[in-house]
1. Could you grab the pairs with beta carbons closer than 6 Å, sequence gap of 6+ or different chains, first residue in the range 369-396 and touching a residue at least 24 places away in the same chain (Cβ under 8 Å) and open to solvent by 30 Å² or more (accessible area, probe 1.4 Å), second one of a type outside the set (Gly, Ala, Ser) and in a loop (DSSP other than H, G, I, E, B)?
2. Keeping to the range 536-589, report how many residues are under 20 Å from Ala470 (Cβ atoms) and polar (S, T, N, Q).
3. So, Thr544, is that one under 23 Å from Asp280 (Cβ atoms), among the β-branched types (Val, Ile, Thr) and touching a strand residue (DSSP E or B) at 6+ places or on another chain (Cβ under 8 Å) or not?
4. Within the set of pairs 6 or more residues apart or between chains, which connect a residue that is within 12 Å of Thr58 (Cα to Cα) inside the range 14-33 to a residue that is open to solvent by less than 20 Å² (accessible area, probe 1.4 Å) and part of a strand (DSSP E or B) with Cβ atoms less than 6 Å apart?
5. Quick check: anything in the range 452-460 more than 18 Å from Lys382 (Cα to Cα) and part of a helix (DSSP H, G or I)?
6. Please go through the range 300-322 and pick out each residue that is open to solvent by 10 Å² or more (accessible area, probe 1.4 Å) and among the aliphatic types (A, V, I, L, M).
7. Please go through (1) modelled with pLDDT of 95 or more; (2) on the phi < 0 side of the Ramachandran plot; (3) small (Gly, Ala, Ser) for Gly51 and return the number of the only condition it doesn't satisfy.
8. Name the residue, out of Ser146, Ser211, that is out of contact with any Leu (no Cβ under 7 Å at 6 or more places or on another chain) and closer than 30 Å to Leu93 by Cβ.
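The values are calculated or read from the model by the stated rules, or taken from the named source; none is laboratory data. Since this is a predicted model, take the numbers as computed values, not measurements. Neighbour counts are summed over all protein chains in view; Cβ atoms, including those assigned to glycine, are modelled from backbone coordinates with ideal geometry. Just so you know, the surface numbers come from the protein's heavy atoms only, side chains and all, with ligands and any DNA or RNA stripped out. Shrake-Rupley method; radii C 1.70, N 1.55, O 1.52, S 1.80 Å.
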Amino acid sequence: MQDEAAAPARTTLQSLIWPEQGICTERDLYVRLQNAAGMSGAAHELRFAAGGKARFDTWFNLFNIGKWRQHCGLRDLRLQLEGEGRFELEVVLAFPSRSWERIFIDVITFDPDAPFELDLTPLLELEAGQGALFFTLTALEEGRLSGAQWQTAQAPKRTPELMLSITTFKREAAVEQTVRRFEEYIAGSSLKDHIRLTVVDNGRSVEIPDSPHVTVIPNENLGGAGGFSRGLLAARDSGASHCLFMDDDASVHMASLDRTWLFLAYADDPATAVAGAMIDAGHRWAIWENGALFDSRCMPLHMGTDLRDTLESLEMEFDTTGPASDRLYGGWWYFAFPVAEVRHQPFPFFVRGDDVSFSLVHAFNIVRLNGVVSFQDSFTDKESPLTWYLDLRSHLAHHLSLPKMEIGALRTLKIAVWFFLRNLPRMHYETIAAINLALEDVMKGPEFFDAHADMAQRRADIKALTQVEAWQPAPPHLPPAVKKPRNVVVRTLMKPTLNGHLLPFFARFGGRIVLRAKDRGKVGWSWGAAEITYLSADGRQCYTVRHSKRAFLRETARFTVRALAFLRAYPRLLQHYRKGYDTLTGEGYWRAKLGMDRDAG
């Protein structure tokens with residue numbers, strides 16, 4: 001399959017992603033080195049003595065021919081390598097649930113003046129072409145690898161005009177750093193005429209000068225929904241074919257933009273969208289979410305996948321290659337989509353749920369690409385009464401607004417019951433109060449979301465009720481955090497008592513424990529405890545909740561009254577939300593809400 005003839009003009013579909021300071025420096029996520037092989041981070045090249053070995057069987061740098069065949073009709077493929085020295089080259093095609101094939105192995109010599117090319121097109125004619133490709137180099141003498149590209153002679157189907165839209169609020173340093181990284185990237189990119197960045201500044205505090213590739217738009221603070229709505233309207237008005245929603249810290253490798261743009265350029269389906277994965281910055285080797293499903297609740301996919309493990313990485317990649325569920329949605333830390341396919345602007349949730357609704361209401365063909373991922377601060381410390389309020393509000397609104405999500409009154413109410421019961425054993429009474437408030441607000445109809453699009457009053461209300469469940473400086477000598485739940489007998493006996501809420505004097509004899517923030521969502525760890533101290537991820541902050549029958553009776557009574565009222569009002573709410581959704585996601589609604597009509601005048 002080696003081609004010694006001069007190669008025709010080709011397009012690079014995917015090049016190497018390298019470890020990067022400030023993003024991720026876990027080298028084994030990108031390339032696995034053995035023996036006398038080393039990496040030059042500054043030069044972005046590998047250097048070898050005889051016997052040195054480099055394997056690219058990594059999630060960041062494998063090539064998924066299954067996705068390129070399925071979504072782009074790929075018919076031509078070559079591997080191009082640049083370097084110097086003599087190597088044994090292996091190219092492996094990995095399959096799901098069967099043995100892999102070594103489709104090429106030979107000794108090659110790199111010419112510093114002419115890249116080595118390997119024609120892999122015959123693989124695309126085989127059924128076996130549904131797998132993932134990677135290559136391995138073993139040095140037979142001193143040498144180096146300075147680049148690797150997966151290329152095609154096929155012409156793209158379109159030339160995307162991609163506008164990145166970042167919404168920020170009072171995070172000046174983070175967004176300024178993101179803009180600097182983008183400007184450095186775009187200055188040397190072959191796509192610089194087709195990618196630009198818009199920063200929607202909800203805090204009106206960013207001091208970033210406009211440039212040929214960056215525009216800043218001061219905006220009213222209507223949350224992420226309002227900011228991304230403003231960005232989408234800017235994309236429409238500027239003639240962009242595609243829009244990419246990103247977080248303001250944009251902790252992504254800029255090479256992700258290349259992979260996204262090229263996949264959109266070659267996609268057969270014009271409705272193709274790209275959803276980036278997410279990794280908790282505290283554990284940069286583990287996937288937090290690679291796409292998620294929504295059906296009564298949000299269900300992150302592939303959480304915990306260890307990217308240091310080749311088999312786990314490939315299993316995730318194969319699982320994301322087949323047809324996607326119509327319940328799949330992409331998080332707005334990285335979501336690229338075609339503007340022409342948009343029928344609805346975001347619903348005015350402020351934050352939480354706008355990305356779910358946006359994906360579910362549109363017929364996007366959502367694809368997840370290997371190596372396209374955003375690194376985020378830990379979500380475990382962000383949970384609060386406010387986030388529970390926002391989550392329940394949006395969960396109920398999805399099922400009331402979208403016909404394909406209708407599940408009936410009882411199953412919809414069951415969502416709120418689940419929220420309540422998740423927090424009762426953990427003694428999060430302030431969160432339960434926020435849950436009660438969310439149920440009450442949803443029953444006011446879609447007009448409530450319009451009237452409270454800035455969430456100013458509700459944020460103040462929930463802040464006022466959050467006295468106990470707020471992070472405080474941790475004392476110096478806390479007991480050690482428990483590492484596993486109590487035994488199954490204790491857990492079984494405590495469940496019928498609702499973790500002691502139905503037992504007299506439980507506050508006196510229940511346990512006292514400390515839990516790490518990462519474990520506070522594990523309800524089973526709470527059974528038998530009458531006092532729990534939760535410790536933040538960095539160990540510097542904590543808060544303590546305690547058993548209270550008075551709070552239990554007060555909030556349970558409130559929830560019961562609201563739940564019965566919800567069941568009675570369900571038919572009216574369903575009709576009202578269906579009609580209101582179209583209004584509140586209309587382009588005219590958002591132009592007026594954001595004052596764009598006034599600006600135009």
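1. If the second residue must be of a type outside the set (Gly, Ala, Ser) and in a loop (DSSP other than H, G, I, E, B), the pairs left are Asp391/Arg352.
2. So the count comes out to 4.
3. No.
4. The qualifying pairs are Leu16/Ala148; Val31/Ala54; Leu33/Ala54.
5. Scanning the range 452-460 turns up at least one residue that is more than 18 Å from Lys382 (Cα to Cα) and part of a helix (DSSP H, G or I).
6. Those that are open to solvent by 10 Å² or more (accessible area, probe 1.4 Å) and among the aliphatic types (A, V, I, L, M): Leu301, Met303, Leu311.
7. (2)
8. Selected residue: Ser146, the only one of Ser146, Ser211 that is out of contact with any Leu (no Cβ under 7 Å at 6 or more places or on another chain) and closer than 30 Å to Leu93 by Cβ.
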